[in-house]
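Quick notes on the structure that follows.
The values are calculated or read from the model by the stated rules, or taken from the named source; none is laboratory data. Remember, predicted model here, so these are calculated numbers, not experimental data. Note: ideal-geometry Cβ built from the backbone for every residue, glycine included; neighbour counts use all protein chains shown.
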Amino acid sequence: MGRKQPKLVLRESCVDDVSRHWPPGTFLEMGAGTGHMTRIFLERSFTGAAYDLGEDSRQYMRANLAPYGDRIRVVEDTGELGTESFDYLFAFEVLEHIEQDAVALAEWARFLRAGGRVLISVPAHTRKYGRSDELVGHVRRYEKEALRRLLEQAGFEQIRIVNYGFPVTELTRLVSNWLVRGDRSYDDMSPTERSIRSAQAKPRVINRLLSVFSGSLVRPFCTMQRWFYRLDWGDGYVATAVKRAA
């Protein structure tokens, strides 16, 4: 996986904070990329299935998750899956890549049992949309209330939204936007192609930044960001909710 971006380290910590007491069960992860987040839940004795739009990503996932054997299935098509057959639905940094996000979330919710939980993450605040968002195929950032409405419309209740990343991601986002301001390597790609590539590789200039500030250096800020979860100052949202009974 290489060096982790600061935002990824902080997001992982936030996801762990909100889900650490959940009992192991079956999950479906949409837009699973390389399977990095998938491994976190497999290590916690969850089992399930994962899907990604990119064929290369699915192949990478199979290799990456091979040590877990039949506890995880990487599917070629979600049509292989049964409706209302999972306890949990995960989607980390996925909805912001999809034009019809409400349609997508409602479609995914079909696979979740009534009373099952959804766990998603998305980038926060429309005013912060910048060049780094464009490069990775984001079509939007979210406001907290818009995200809440999206979940309600998809059939979820007991919604909790945590704002994570402050204060580190405020700085790293500005630095990233400045560093990639002249990057044109993604210009000939469609938003979908950018999205797939973003799960597998980072711009070179970002990799150089990560050689200086990443991984363990960010860990102390995982504790600090908890002080600000209830505020709306950070760069991303982690949301959980429960699927309503029909």
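For GLU170, are the conditions met, namely being within 16 Å of TRP233 (Cβ to Cβ) and over 16 Å from the mean Cα position of the chain (by Cα)? Before you say what the answer is, go through the steps one by one.
On the way: within 16 Å of TRP233 (Cβ to Cβ): yes; over 16 Å from the mean Cα position of the chain (by Cα): yes.
When the stated conditions are applied, GLU170 passes them.
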Working only within region 111-130, note down all residues that are aliphatic (A, V, I, L, M) and surrounded by fewer than 20 Cβ atoms within 10 Å (Cβ to Cβ). ALA114
Right, ALA124: in contact with a Lys or Arg (Cβ under 7 Å, 6 or more places away or on another chain) and either among the aromatic types (Phe, Trp, Tyr) or under 24 Å from PHE90 (Cβ atoms) (or both) or not? yes
Filter region 143-159 down to the residues that are in contact (Cβ under 8 Å) with a residue 60 or more places away in the chain and touching a helix residue (DSSP H, G or I) at 6+ places or on another chain (Cβ under 7 Å) and list them by number. GLY155, ILE159
Pairs under 9 Å by beta carbon, first residue touching a residue at least 12 places away in the same chain (Cβ under 8 Å) in region 67-84, partner aromatic (Phe, Trp, Tyr) and in a helix (DSSP H, G or I), six or more apart or different chains? THR78/TRP108
Selection count, region 57-72, where residues are assigned to a helix (DSSP H, G or I) and either more than 12 Å from GLY33 (Cβ to Cβ) or out of contact with any helix residue (DSSP H, G or I) (no Cβ under 8 Å at 6 or more places or on another chain) (or both): 11
Quick test for you: out of ASP101, ASP56, ASP133, ASP52, pick the one residue that is touching a residue at least 60 places away in the same chain (Cβ under 8 Å) and crowded, with 17+ Cβ neighbours inside 10 Å. ASP52
Within region 86-95, is there a residue that is out of contact with any His (no Cβ under 6 Å at 6 or more places or on another chain), over 29 Å from CYS222 (Cα atoms) and at pLDDT 95 or above? yes
Filter result for the condition that a residue is in a strand (DSSP E or B) and within 15 Å of ILE120 (Cβ to Cβ), over ALA32, ALA50, ALA106: ALA50
Only one of these is of a type in the set (Ser, Thr, Tyr), within 19 Å of the chain's Cα centre (by Cα) and at pLDDT below 90: SER211, SER198, SER216, SER185. Name it. SER198
Take the residues of region 73-94 that are out of contact with any strand residue (DSSP E or B) (no Cβ under 6 Å at 6 or more places or on another chain) and outside any loop (DSSP other than H, G, I, E, B): which is farthest from GLU43 (Cα to Cα)? GLY79
Going through region 1-38 one residue at a time, which ones are aromatic (Phe, Trp, Tyr) and surrounded by fewer than 23 Cβ atoms within 10 Å (Cβ to Cβ)? TRP22
Determine whether region 14-21 contains at least one residue that is out of contact with any Pro (no Cβ under 7 Å at 6 or more places or on another chain), closer than 21 Å to TRP108 by Cβ, without any contact (Cβ under 8 Å) to a residue 60 or more places away in the chain and outside any loop (DSSP other than H, G, I, E, B). no
